[in-house]
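What follows is a short report on a single structure.
The values are calculated or read from the model by the stated rules, or taken from the named source; none is laboratory data. A quick note: this is a predicted structure, and the numbers were derived from the prediction, not measured. Here the Cβ positions follow ideal geometry from the backbone for every residue, glycine too, while neighbour counts run over all protein chains shown. Ligands, DNA and RNA are stripped out before the accessible areas are found, and what is left, the full protein with its side chains, is counted by its heavy atoms. Shrake-Rupley method; radii C 1.70, N 1.55, O 1.52, S 1.80 Å.
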Amino acid sequence: MRRRLLVPAVALTALLTGCGIRTTSVPVDAGAAPSRVPCSVTDEGPQETAAQGVPVRVFLVCSSQLEAVDRRSPLPEEKAGGDPVRTAGGLLAQLLAEPSESERQAGFTTEVRGPLTVGGGHRGDPAGTLRLSRQPEDLAPTALSQLVCTFAESSAGAGEHTVLLGGPGAYAPKRYRCTATLRERPDSTPPTTAPTPTG
């Protein structure tokens, strides 16, 4: 009878000691799962909030995605309903600028690099066309995605989350669309459609 009781006890001991995990008297903290950076800018006080200008929204990169950031532009012409080319120029200047200290701490970066300018369309382009000083396809995919979403979601856009964008050459502009998928995967190619010809 005693031998029968010893067999289960021995088997249980083997199971407990044979699992490959040794006991330790020191607490082990494996840590929490990796967390994303905040991707949210907090107000820093008068030095940034008291800036002159009108509020604008640009798309920066954070955690490998595009996130909207509110800024202030010094150009009063960038008010809604103003000159789309001047609006686009002000937004481009914001994308070319280095992120502020609070933006960097929140994990924001920009992939838009100069030299780069934006102007109006060529003769025969559809109304509202913007022309970059470099061909859009020659830009880094993430930089182009930043430009597309920033322009498309502003008064410089062509409506319905799109922007008519071309380069300096004779190539026809394309209608680029800012989608949820593009904001999640800015390193992908922005979706395009052919623009409506000028009547």
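Using a 1.4 angstrom probe on heavy atoms only, work out the carbon and sulfur share of the accessible area of segment 123-199 in %.
Numbers: 1950 of 3740 Å².
Carbon and sulfur atoms account for 52 percent of the accessible area of segment 123-199.
The loop-placed GluC sites (Glu not before Pro) in segment 145-199, going by DSSP, that have at most 15 neighbouring Cβ atoms within 10 Å of their Cβ come out as Glu160.
So if R0 is 35 Å, what FRET efficiency would Thr109 and Ala194 give, r being the distance between their Cβ atoms, rounded to the nearest 0.05?
Numbers: r = 33 Å, r/R0 = 0.93.
Calculated value: 0.60.
The calculated FRET efficiency for Ser40 paired with Ala180, based on their beta-carbon distance and R0 = 30 Å, is about 0.95.
Compute the convex hull volume of the Cα atoms of segment 84-162, divide it by the residue count, and report the result per residue in Å³ as a whole number. Intermediate results must be reported in sequence, preceding the final value.
On the way: hull volume 7.7 nm³, N = 79.
In segment 84-162, the Cα convex hull volume per residue is 97 Å³.
Across segment 106-146, the residues whose backbone nitrogen lies under 18 Å from the label position 7 Å along the beta-carbon direction of Ser63 are 106-110. FRET efficiency for the Arg86 to His161 pair, using the beta carbon distance and R₀ = 30 Å, is estimated at 0.90.
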